[in-house]
Amino acid sequence: NAGVTQTPKFQVLKTGQSMTLQCAQDMNHEYMSWYRQDPGMGLRLIHYSVGAGITDQGEVPNGYNVSRSTTEDFPLRLLSAAPSQTSVYFCASSYRGTTEAFFGQGTRLTVV
Amino acid sequence: AQSVAQPEDQVNVAEGNPLTVKCTYSVSGNPYLFWYVQYPNRGLQFLLKYITGDNLVKGSYGFEAEFNKSQTSFHLKKPSALVSDSALYFCAVRDSSARRLYFGRGTQLTVWP
């Protein structure tokens, strides 16, 4: 099993550009989430999903969109990148809410 | 509102000494509590969890945590620290719906030889 796979690992964007961060898991987990990690802020929840076709907002959803068309994939879209979105992004999945989450290796995004 | 507090940004301890990383939480209903560790340039790794049952939970790498409902705390402990334990530690809690996972700001643990 590959676990949780995030691509790309690094990305530099210009302000106003769009891109999609990919996340895939092969563990048949129902729950998937996106977090951003900023120094001194811990991990903040952007969006989450409790199953295919179901998504909801987290703490900091503005500027980000998600969809969950399959159990395996949970892409995060930045429609118009801003410097404030410079961060490290982590995708996580879990079987259900009472089980531990598995994290990807992260995507380091810089918006200039 | 659900929240997690890790009151110490940094904890420094000598190798061989016991260590404690503190965590308090606020959540509606019964809490589901987790500890994760992050090594530099890596994702988070699961250490242990409390869902129900015994208040003392044992996890990976010799770590344990004690759930205290009256103090709403879930402190991470280890009897004898290793230099290799040096990392960033996160406490996390799920709300009563078990849908959202909230993280604390993290505590940088440094174990010196």
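Tabulated data
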quantity	calculated
In the range A:82-112, residue most open to solvent (accessible area, probe 1.4 Å) [restricted to those that are of a type in the set (A, V, I, L, M) and under 16 Å from A:Gln22 (Cα atoms)]	A:Val88
Evaluation of B:Ala1 against (1) touching a Leu at 6+ places or on another chain (Cβ under 7 Å); (2) under 26 Å from A:Ser94 (Cα atoms); (3) touching a residue at least 24 places away in the same chain (Cβ under 8 Å) (one fails), failing number	(1)
Considering residues of the range B:89-101 that are touching a Leu at 6+ places or on another chain (Cβ under 9 Å) and surrounded by fewer than 23 Cβ atoms within 10 Å (Cβ to Cβ) only, the residue farthest from the other protein chains (Cβ to nearest Cβ)	B:Asp95
Only one of B:Gly59, B:Gly53, B:Gly29 that is small (Gly, Ala, Ser) and free of Cβ contacts under 8 Å to residues at least 12 places away in the same chain	B:Gly53
Criterion (more than 11 Å from every other protein chain (Cβ to nearest Cβ) and touching a residue at least 24 places away in the same chain (Cβ under 8 Å)) met by exactly one of A:Tyr31, A:Tyr64	A:Tyr64
Filter result (within 11 Å of the chain's Cα centre (by Cα), open to solvent by 40 Å² or more (accessible area, probe 1.4 Å), closer than 26 Å to A:Gly40 by Cβ and not hydrophobic (A, V, I, L, M, F, W, C)) within the range B:46-88	B:Lys49, B:His75, B:Lys77
The range A:30-67, residues that are part of a strand (DSSP E or B), open to solvent by 70 Å² or more (accessible area, probe 1.4 Å) and within 22 Å of B:Arg105 (Cα to Cα)	A:Gln57
In the range B:62-78, the residues that are touching a residue at least 24 places away in the same chain (Cβ under 8 Å) and assigned to a strand (DSSP E or B)	B:Ala65, B:Phe67, B:Ser73, B:Phe74, B:His75, B:Leu76, B:Lys77, B:Lys78
Residue that is out of contact with any His (no Cβ under 9 Å at 6 or more places or on another chain) and within 10 Å of another protein chain (Cβ to nearest Cβ), where the choices are A:Gln37, A:Gln17	A:Gln37
Strands (runs of 3 or more DSSP E) contained in the range B:5-49 and holding at least 1 residues more than 14 Å from chain A (Cβ to nearest Cβ)	B:10-14, B:19-21, B:24-26
Residue in the range A:75-82 that is among the small types (Gly, Ala, Ser) and within 11 Å of chain B (Cβ to nearest Cβ) present	no
Residue in the range A:18-27 that is touching a Phe, Trp or Tyr at 6+ places or on another chain (Cβ under 8 Å) and either hydroxyl-bearing (Ser, Thr, Tyr) or in a loop (DSSP other than H, G, I, E, B) (or both) present	yes
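Rundown of residues vs (1) assigned to a helix (DSSP H, G or I); (2) closer than 19 Å to A:Phe102 by Cβ; (3) in contact with a helix residue (DSSP H, G or I) (Cβ under 9 Å, 6 or more places away or on another chain), yes/no style:
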| position | (1), (2), (3) |
| --- | --- |
| B:Thr52 | no, no, no |
| B:Ser80 | no, no, yes |
| B:Phe90 | no, yes, no |
| B:Val93 | no, yes, no |
| B:Arg105 | no, no, no |
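The values are calculated or read from the model by the stated rules, or taken from the named source; none is laboratory data. Computed from a predicted structure; not experimentally measured. A quick note on method: Cβ atoms are made from the backbone with ideal geometry, for glycine too, and the neighbour counts reach across all protein chains shown. Only protein heavy atoms, including side chains, enter the accessible area calculation; ligands, DNA and RNA are left aside. Shrake-Rupley method; radii C 1.70, N 1.55, O 1.52, S 1.80 Å.
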